[in-house]
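Read the structure below first, then the notes.
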Amino acid sequence: MKSVLSIAALLLSIFTTSVHATKPSDDKAQITQVFAHYMQNYNSYLKTKVMNKAQSLYTDKMMLITPNRTPAVLNEEKLAKGIQAFLDGLRAKGVNNIAWDKLQIKLLSSSVAIASNTAVRYKSNGDIYDRAAATYMLTKNNNQWKIATLAPHAVENVLPLG
């Protein structure tokens, strides 16, 4: 009887944990954390020119959709090189810090989400260089959210995801 109760307690614990892990508020908090790390990595690179590879924020193959270019599927190495080139371009224009202005996240299912965000890019003197926006598709595998698609676009086209 004790072993049956132990198994029942274990199953209840597993069920409770898996239900808790999939609560929408938990998922949104986890996705918000992905974007916090995303911005930390960008700002760290702007200051140090060293790309942080400690935490992958992207799926193994990530799609980049940019205006006037054919969509590209990038592996981690190509993505890192592209991000470095992008951030080097911003550094050359005097940008030394980027902050989220708006984070909008909508869960489409228990493992798919969309985010449409706005960032503010600052110069070293604190003046605003510009605002930028992008829409992201995220996927959840092994209880971890990662960016699967990134599409930069004009700030006025940010999706209202309320």
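The values are calculated or read from the model by the stated rules, or taken from the named source; none is laboratory data. None of the values given here were measured: they were computed from a predicted structure. Neighbour counts are summed over all protein chains in view; Cβ atoms, including those assigned to glycine, are modelled from backbone coordinates with ideal geometry.
What single numbered condition from (1) among the aliphatic types (A, V, I, L, M); (2) within 17 Å of N43 (Cα to Cα); (3) out of contact with any helix residue (DSSP H, G or I) (no Cβ under 6 Å at 6 or more places or on another chain) fails to hold for A133?
Of everything listed in (1) among the aliphatic types (A, V, I, L, M); (2) within 17 Å of N43 (Cα to Cα); (3) out of contact with any helix residue (DSSP H, G or I) (no Cβ under 6 Å at 6 or more places or on another chain), A133 misses just condition (3).
Just checking, does region 45-56 include any residue being aliphatic (A, V, I, L, M), part of a helix (DSSP H, G or I), modelled with pLDDT under 95 and loosely packed, with under 11 Cβ neighbours inside 10 Å? If you could, list the steps in order and put the result at the bottom.
From region 45-56, those aliphatic (A, V, I, L, M) are 46, 50-51, 54; that's our starting set.
From what's left, part of a helix (DSSP H, G or I): 46.
Now narrow it down to the ones that are modelled with pLDDT under 95: none.
Scanning region 45-56, I find no residue that is aliphatic (A, V, I, L, M), part of a helix (DSSP H, G or I), modelled with pLDDT under 95 and loosely packed, with under 11 Cβ neighbours inside 10 Å, so the answer is no.
Output the residues belonging to region 110-162 that are within 19 Å of A29 (Cα to Cα), free of Cβ contacts under 8 Å to residues at least 40 places away in the same chain and touching a Lys or Arg at 6+ places or on another chain (Cβ under 8 Å).
S111, V112
For region 101-113, does any single residue satisfy the condition of being modelled with pLDDT of 95 or more, more than 17 Å from T32 (Cβ to Cβ), in a strand (DSSP E or B) and among the charged types (D, E, K, R)?
Within region 101-113 (the criterion being modelled with pLDDT of 95 or more, more than 17 Å from T32 (Cβ to Cβ), in a strand (DSSP E or B) and among the charged types (D, E, K, R)), the answer is no, since none of the residues qualifies.
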